[in-house]
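Reviewing the structure listed below.
The values are calculated or read from the model by the stated rules, or taken from the named source; none is laboratory data. Note that the coordinates shown come from a computational prediction; the quantities given were computed from them, not determined experimentally. Please note: Cβ atoms are built from the backbone with ideal geometry, for glycine as well, and neighbour counts cover all protein chains shown.
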Amino acid sequence: MNKPILVDTHSHLDFDRFDADRDAVIQRAREENIGAIMTIGIDYKSSLAAIKIAEDYASVYAAVGVHPHDAKSMTDEQFAELKEMLAHPKVVAIGEVGLDYHYDYSPRHVQRRVFRQFLELSLERQMPLIIHTRESDEDVQHIIQSRSKKGWRGVFHCFAGDKKMAHNVIDLGFLLSFTGNITFKKSTSAHVMADIPLDKIMIETDSPFMAPVPHRGKRNEPAFVKFVAEKVAETKNITYEEVANFTTQNAIDLFGLVIDKKDVL
Ligand SMILES: [Zn+2]
Ligand SMILES: [Zn+2]
């Protein structure tokens, strides 16, 4: 029987930690039946690099955006060019965008302004959003809610909020993506995930960060999304196949991915 196909909905394949072996990393993902990998831009340069990798590999798709860390350095010219990038056939989402009050690398008012710009763009182009939030959950939800209660499509990636936030985010129209942190002993996110309907869940690595157990502390890579899928199966007491079917279908539906069975084993 064919191995079930997974999608890694969030990675950063353009990061220099993959420079030495990017090709092998993508090959290993194929061997683990990862049918599609999304590589996510964090600024103008990284968005361009994400597109380049998506052009080189059939199974890789790109998202373009500016991470809150880098909001302060986004110019108007870059925003205009990022808009142009949305027309590329391998660009399937806007992201990652959002707020990060943990590091505060950009002033908060600048983070909020840039986040609003991308929210408007998402509505204008009807493109799904990939949202990053850290210690800024209230403001992120408030900004989304204040704009409009309808019409949002997207995902809160590396979801680490509580149940109340999870249900609010779902009500706004978003899915939740869980990462390697659900495999960590002290994490409460698996407990939150247990409560979320399968049609609202996606999985990701956020590689090179957040390596799941048993690779915790090492460099993460898309092949390891299988450990996240295993944890979802264990937590929800369903089979790995069911997890693969649901999460892959959710990613296909949200991002319009085309998974070629020939691309996997
Ligand atoms: Zn993020
Ligand atoms: Zn990320």
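Please work out which one of (1) in a helix (DSSP H, G or I); (2) within 13 Å of ligand 2 (Cβ to nearest atom) is the condition ALA63 fails and give its number.
Result: ALA63 passes all but (1).
Going through segment 222-234 one residue at a time, which ones are away from ligand 2 (no atom under 14 Å from the Cβ) and either touching a residue at least 24 places away in the same chain (Cβ under 8 Å) or under 13 Å from the mean Cα position of the chain (by Cα) (or both)?
Our first condition is that a residue be away from ligand 2 (no atom under 14 Å from the Cβ); within segment 222-234, this holds for 223-224, 226-234.
Passing the criteria: ALA223, PHE224, LYS226, PHE227, VAL228, ALA229, LYS231, VAL232.
Is it true that ILE130 is buried (at least 18 other Cβ atoms within 10 Å of the Cβ), of a type outside the set (Lys, Arg), out of contact with any Lys or Arg (no Cβ under 6 Å at 6 or more places or on another chain) and part of a helix (DSSP H, G or I)? Let's see the steps before the verdict.
On the way: buried (at least 18 other Cβ atoms within 10 Å of the Cβ): yes; of a type outside the set (Lys, Arg): yes; out of contact with any Lys or Arg (no Cβ under 6 Å at 6 or more places or on another chain): yes; part of a helix (DSSP H, G or I): no.
When the stated conditions are applied, ILE130 does not pass them.
Just give me the residues in segment 156-208 being part of a strand (DSSP E or B) and farther than 14 Å from VAL228 by Cβ, in sequence order.
Once the filter is applied, which keeps residues that are part of a strand (DSSP E or B) and farther than 14 Å from VAL228 by Cβ, segment 156-208 yields PHE156, PHE174, LEU175.
Exactly one condition in (1) touching a Phe, Trp or Tyr at 6+ places or on another chain (Cβ under 8 Å); (2) without any contact (Cβ under 8 Å) to a residue 24 or more places away in the chain is false for LYS164; which is it?
Among (1) touching a Phe, Trp or Tyr at 6+ places or on another chain (Cβ under 8 Å); (2) without any contact (Cβ under 8 Å) to a residue 24 or more places away in the chain, the lone unmet condition for LYS164 is (1).
Contact list please: Cβ distance under 9 Å, first residue in segment 96-117 and touching a residue at least 60 places away in the same chain (Cβ under 8 Å), second residue within 16 Å of ligand 2 (Cβ to nearest atom) and β-branched (Val, Ile, Thr), pairs at least six apart or on different chains.
GLU96/ILE40; GLU96/ILE42; GLU96/VAL66; GLU96/ILE130; GLU96/ILE131
State yes or no: is ALA87 without any contact (Cβ under 8 Å) to a residue 12 or more places away in the chain, over 19 Å from GLU204 (Cβ atoms), in a loop (DSSP other than H, G, I, E, B) and among the hydrophobic types (A, V, I, L, M, F, W, C)?
Answer is yes for this residue.
May I ask you to list the residues in segment 26-50 that are surrounded by 21 or more Cβ atoms within 10 Å (Cβ to Cβ), away from ligand 2 (no atom under 16 Å from the Cβ), within 25 Å of ILE131 (Cβ to Cβ) and hydrophobic (A, V, I, L, M, F, W, C)?
ALA29, ILE34, ALA36
Here is a list: ILE143, ILE203, ILE170, ILE196. Which entry is buried (at least 21 other Cβ atoms within 10 Å of the Cβ), out of contact with any Asp or Glu (no Cβ under 6 Å at 6 or more places or on another chain) and under 25 Å from VAL92 (Cα atoms)?
ILE203
Being within 16 Å of ligand 1 (Cβ to nearest atom) and on the phi > 0 side of the Ramachandran plot is the filter here; which residues of segment 162-207 pass it?
ASP206
Kindly check whether there is at least one residue in segment 81-96 that is under 18 Å from PRO208 (Cβ atoms) and crowded, with 23+ Cβ neighbours inside 10 Å.
Among the residues of segment 81-96, at least one is under 18 Å from PRO208 (Cβ atoms) and crowded, with 23+ Cβ neighbours inside 10 Å, which makes the answer yes.
Which one is surrounded by the fewest Cβ atoms within 10 Å (Cβ to Cβ), of the residues in segment 102-118 that are within 16 Å of ligand 1 (Cβ to nearest atom) and assigned to a helix (DSSP H, G or I)?
As a first pass, look at segment 102-118 and keep what is within 16 Å of ligand 1 (Cβ to nearest atom): 102-106, 111, 114-115, 118.
If we keep only those that are assigned to a helix (DSSP H, G or I) as well, we get 111, 114-115, 118.
Details: GLN111: 27, VAL114: 24, PHE115: 26, PHE118: 26.
Within segment 102-118, the match that is surrounded by the fewest Cβ atoms within 10 Å (Cβ to Cβ) is VAL114.
Looking at (1) under 28 Å from ILE26 (Cα atoms); (2) at pLDDT 95 or above; (3) part of a loop (DSSP other than H, G, I, E, B); (4) not charged (D, E, K, R), can you tell me which one ALA211 breaks?
(2)
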